[in-house]
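Below is one structure, written out as C-alpha cells; the observations come after it.
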Amino acid sequence: LDAHIAPYVGENGELRGVVAVLHDVTETRRLEQIRSEFVANVSHELKTPITSVKGFAETLLDGAMYDEKTCREFLQIIYEESDRLHRLISDILDLSKIEQHRIPLKTEKLNVVDVVMETVNTTRKRIEKKQLELILPEQKAVMMEADKDRLQQIILNLVTNAIAYTPEKGRIEIRLEERESELDLIVSDTGIGISKKDLPRIFERFYRVDKARSRQSGGTGLGLAIVKHLVESYHGKIHVESEEGKGSTFTVTLPRTQEGPDAA
Ligand code: ADP
C-alpha cells in the first residue's frame, strides 16, 4: 500500500483534518521486484564467463602465449566461454521478445512429424555420442497450424534437456498424440529426473537443480522459461511428470488451429 497523507488546514490555520490517499501498489511492487531480480540474475550470469575470458586473455598476454600447448588450451577456454555468452545473450533476447509479443506469429499448416525429424537431426551427434536410444513418432503425418520456428524451438529445448540430463545408453522418446482439436507433443527420457521439491520451479528463469551440471552441458537456465512462454503464446499448456533417478516426461498440449494471430 502506498500512502500520501496531507493536513487539511482551515482559513485561520487551524487543523481541520487529514487527507489520506491510499494506493494499492502490491502488483506494481511485485513486478518491479521480479524485474530487478531478473536484472541481478542476468548480470551475475554474464559476469562468470566474462571474468573467465578476461582472466585467461590476461594470462596469455602476460607470457603464457609463448607456450604453444598452454596457448591452445587457454584459447579453447576463451572460445567456449564466448560461445556460452553468445547463447546466454540470445536466450535473454528471445525471452524478452516473446514476453513483449515482439515476434510475429507466422501461422502455416505444418506436418509436425517433419518438424520433429528436422529438429532432432540437429542433435544427432550428441545423441550418438551418449549412445542414447531414440524413439520417434510412429505417425507419418500429423498436421497442425503453427509457426515453424517456434515449434522447432520448443522441441529443440525439450530434446536438448532430455539429452543433457540422461546418462549414457539411456532412452529418449518423442511421441505425438492427436485429438480432434488438440495435439500432445511428449518428450520423455530415462534420465536423472527431478525431485518433487524442484519440480514446480524448473520453469523459472535461471532456476537449475544442479548449476554445475547445467553449466557443463552448456545450459543457460532459460530453456524451459522460453518453452513455457512459447507454449503460452499458442494458448497451449505444458506439464511435467518426473521421478528422481527414473526419468522425466514433458507434455506440451497445443491447439491444432490458431484463431487469428495472437502472440499473447
Ligand atoms: P538448463 O539450461 O539449465 O537446462 P532449463 O530451463 O532448460 O535450463 O531447465 C531448468 C532445469 O530443469 C535444469 O537445470 C535441470 O535441473 C532441470 N531439467 C530440465 N529438463 C530436465 C530433464 N529432462 N531431466 C532432468 N532435469 C531436467
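Quick note: the coordinates plus some simple rules give every number you see, no bench work behind them. If you're wondering where the values come from, they're calculated on a predicted model, not measured in any experiment. Cβ atoms come from the backbone with ideal geometry, glycine included; neighbour counts cover every protein chain shown.
Counting other Cβ atoms within 10 Å as a rough exposure proxy, the listed residues SER217, SER181, SER188 run SER181, SER217, SER188 from fewest neighbours to most.
Computed about the Cα centre, the dipole magnitude for the range 38-88 is approximately 200 debye when only Lys and Arg (+1) and Asp and Glu (-1) carry charge, each at its Cβ.
Taken about its Cα centre, the chain carries a charge dipole of about 600 debye when Lys and Arg each add +1 at the Cβ and Asp and Glu each add -1 at the Cβ. From most to least packed by mean Cβ count within 10 Å, the peptides 112-118, 1-7, 32-38, 72-78 give 112-118, 72-78, 32-38, 1-7.
If the segment from LYS140 to ASP24 were pulled out straight at 0.36 nm per residue, it would be longer than the present Cα-Cα gap by 36.3 nm.
Could you work out the equivalent-ellipsoid semi-axes for the chain, taking the square root of 5 times each eigenvalue of the Cα gyration tensor, largest first, in whole Å?
Equivalent ellipsoid of the chain: 41, 32, 17 Å, largest first.
Per-residue Cβ neighbour counts within 10 Å put SER242, SER43, SER52 in the sequence SER43, SER52, SER242, beginning with the fewest.
Cross-link pairs exceeding 20 Å in C-alpha to C-alpha distance, out of LYS125/LYS211; LYS125/LYS169; LYS47/LYS125; LYS69/LYS125; LYS148/LYS237, comprise LYS125/LYS211; LYS47/LYS125; LYS69/LYS125.
How big is the gap, in Å, between the Cα center of the range 42-60 and the Cα center of the range 64-91? Spelled out, the Cα-based centre of one part sits 10 Å from the other. When each of LYS169, LYS148 is scored by the number of other beta-carbon atoms lying within 10 Å, the sequence from fewest to most is LYS169, LYS148. Considering only GLY191, GLY63, GLY219, the Gaussian network model of the chain with Cα springs below 10 Å gives its largest mean-square fluctuation to GLY63. In the chain, helices alone account for a calculated mean residue ellipticity at 222 nm of -15000 deg cm²/dmol, with every DSSP H run of four or more residues adding -39,500 (n - 2.57). Would you mind pulling out the separation of the Cα centroids of the range 225-246 and the range 147-162, in Å? For the range 225-246 versus the range 147-162, the Cα centre distance is 11 Å. Pull out a ≥ b ≥ c, the square roots of the eigenvalues of the alpha-carbon gyration tensor of the range 47-87, then state rounded if a/c is under 1.5, prolate if not and a/b is larger than b/c, and oblate in the remaining case. Oblate, since a/c reaches 1.5 and b/c is not below a/b.
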